[in-house]
Amino acid sequence: MRCVLIVGDGMADLPIERLGYRTPLEAADPAHFHGIASGGVSGLLDPVAPGIAAGSDIAHLTILGQDPAASYTGRGPLEAAGAGIDLRHGELAFRCNLARVDGTGTVIDPRVSISETDGEAVECAIDGMRLRGARGVKLCFWHTGGFKGILILRGVDQSCKSWGQMPRAGAVLCSLSRVEREREAAGVLDEFVRGAKDTLSGLGLKGVDRDGGECRCNAIIPWGGGSAAALKQFSSIFGLRGACVSGTALIKGICRLSGFKVCNVEGATGDLNTDVQAKAEAALRAIGGHDFVLVHVQGADEASHDGNMDGKVSIIKRMNGMVGAIRGGLDGGDSCLMIIADHTTSTECREHTADPVPLSIEAPNLIRDGVDRYSEREAMKGALGRVSGRLVMPIFTELAKGGCLGGGELYQRIVNGETRLIRDPRLRL
């Protein structure tokens with residue numbers, strides 16, 4: 001049976017007073033999302049585990065059957081892989097944010113988007129930089145769209161890694177690249193950050209801030225650094241040939257390293273303006289030659305981090321059309337659909353929270369649980385109860401095979417003591 005997993009990045013939220021204490025999902029009222037819920041079973045999902053406010057990297061790794069504790073080396077290598085960059089021994093990759101800082105080095109806006117043309121100018125300028133305090137170290141910078149970029153350091157000892165956190169407004173620029181133990185990498189990053197600030201200031205770049213206003217872009221902040229990641233092949237874990245439809249380098253990187261075919265979709269930007277219809281068409285093409293297709297839409301998370309409530313409701317409504325096109329293009333008797341968010345992102349707090357997200361699965365021959373709407377509130381009533389991210393694919397594949405979790409093949413293996421992945425959902429995990 002053909003399986004399609006639709007992920008709305010950061011789509012789940014908390015009740016918002018301006019929406020009448022509804023969530024953006026409830027306000028958007030997406031009919032095709034509700035169709036998946038009413039056609040099967042629902043529940044609440046902790047993308048990693050209860051109480052963990054997961055990032056998209058750890059959440060997707062967990063959901064796709066990887067063990068982040070064994071395979072995660074940092075966000076940078078995953079994003080680099082998504083941009084088609086193969087890391088070698090002795091190289092470190094960092095995710096970068098284009099940003100605006102004041103004269104004291106304090107971050108005013110950690111997310112300043114620039115045009116593709118300006119991005120090419122930044123690439124040329126940064127690639128020409130020389131780090132005086134780090135002889136033999138070479139650097140390359142790629143602008144991967146909007147406010148995002150990737151920095152590769154070559155010639156730095158592989159043991160020198162930076163685990164810098166995502167930059168936030170109010171932080172001091174130099175402290176973002178400080179590493180207590182790895183002095184060599186810290187020195188290189190400090191010099192890069194200061195040199196990049198001078199270089200970008202000289203270019204006089206104008207960008208767009210989180211509120212949509214024009215502002216200066218005068219800083220590059222590297223974070224999430226690490227060496228090359230080695231992931232298990234998705235086909236060896238679940239016996240499925242996978243394809244990925246996403247406009248986001250991080251997700252494409254995770255899927256590429258997991259052995260998925262990564263579909264390049266024109267107009268898939270990873271932003272609010274992403275072409276969701278083109279993603280639907282790409283997903284339907286991909287399912288013809290693959291058992292499993294992951295369709296990822298980033299825009300809701302971007303809107304949440306910007307505090308853009310209207311934008312989040314809008315992208316969910318546009319996703320509804322995408323979901324409708326996918327459902328309409330599949331043979332209902334030979335397909336299984338799941339829709340989830342990879343984490344909750346609070347639009348009011350502008351950050352990820354540890355709240356669970358709604359999960360719904362539509363498949364033939366399921367005993368429907370009576371949930372007929374897809375939302376955080378309604379998912380509490382579903383038959384799946386509350387499950388952790390590592391159980392998503394085992395549940396999905398069991399249902400896709402026409403089984404049920406109360407008596408199918410996977411359940412029998414559990415009874416026989418061969419695995420402890422899941423229990424009967426009637427026990428309300």
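The values are calculated or read from the model by the stated rules, or taken from the named source; none is laboratory data. On a predicted model such as this, the values are computed, not experimentally measured, just so you know. Heads up, the Cβs are rebuilt from the backbone with ideal geometry, glycines too, and the neighbour counts pull from every protein chain shown.
Has the stretch 195-215 got any residue that is touching a Ser or Thr at 6+ places or on another chain (Cβ under 6 Å), under 30 Å from residue 90 (Cβ atoms), crowded, with 17+ Cβ neighbours inside 10 Å and modelled with pLDDT under 90? No, every residue in the stretch 195-215 fails to be touching a Ser or Thr at 6+ places or on another chain (Cβ under 6 Å), under 30 Å from residue 90 (Cβ atoms), crowded, with 17+ Cβ neighbours inside 10 Å and modelled with pLDDT under 90. If only residues of the stretch 60-69 that are in a helix (DSSP H, G or I) and within 21 Å of residue 239 (Cα to Cα) are counted, the one that is modelled with the lowest pLDDT is 68.
Candidates in the stretch 134-151 are the residues that are crowded, with 21+ Cβ neighbours inside 10 Å and touching a Leu at 6+ places or on another chain (Cβ under 7 Å); of these, the one that is farthest from residue 115 (Cα to Cα) is 139.
Could you check the stretch 238-277 and list, in sequence order, the residues that are assigned to a helix (DSSP H, G or I) and buried (at least 17 other Cβ atoms within 10 Å of the Cβ)? Walk me through it before giving the result.
Let us first name the residues in the stretch 238-277 that are assigned to a helix (DSSP H, G or I), namely 238, 249-257, 276-277.
Of everything in the stretch 238-277, those that are assigned to a helix (DSSP H, G or I) and buried (at least 17 other Cβ atoms within 10 Å of the Cβ) turn out to be 238, 249, 250, 251, 252, 253, 254, 255, 256, 257, 276.
Taking the stretch 1-56 as the range and being farther than 24 Å from residue 238 by Cβ, in a helix (DSSP H, G or I) and not aliphatic (A, V, I, L, M) as the test, the residues that pass are 17, 18, 24, 26, 32, 33, 34, 35, 38.
For every residue, the table says whether it meets (1) under 12 Å from residue 12 (Cα atoms); (2) of a type in the set (A, V, I, L, M, F, W, C); (3) in contact (Cβ under 8 Å) with a residue 24 or more places away in the chain.
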{"position": "288", "(1), (2), (3)": "no, no, no"}
{"position": "296", "(1), (2), (3)": "no, no, yes"}
{"position": "304", "(1), (2), (3)": "yes, no, yes"}
{"position": "310", "(1), (2), (3)": "no, no, no"}
{"position": "320", "(1), (2), (3)": "no, no, yes"}
{"position": "337", "(1), (2), (3)": "no, yes, yes"}
{"position": "342", "(1), (2), (3)": "yes, no, yes"}
{"position": "348", "(1), (2), (3)": "no, no, yes"}
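Checking every residue in the stretch 15-23 against the condition of being more than 19 Å from the chain's Cα centre (by Cα) and either of a type in the set (S, T, N, Q) or crowded, with 22+ Cβ neighbours inside 10 Å (or both) gives at least one match.
Scanning the stretch 116-123 for residues that are within 15 Å of residue 194 (Cβ to Cβ) and either part of a loop (DSSP other than H, G, I, E, B) or touching a residue at least 40 places away in the same chain (Cβ under 8 Å) (or both) turns up nothing. Among residues of the stretch 307-360 being hydroxyl-bearing (Ser, Thr, Tyr) and under 18 Å from the mean Cα position of the chain (by Cα), the one that is surrounded by the most Cβ atoms within 10 Å (Cβ to Cβ) is 345.
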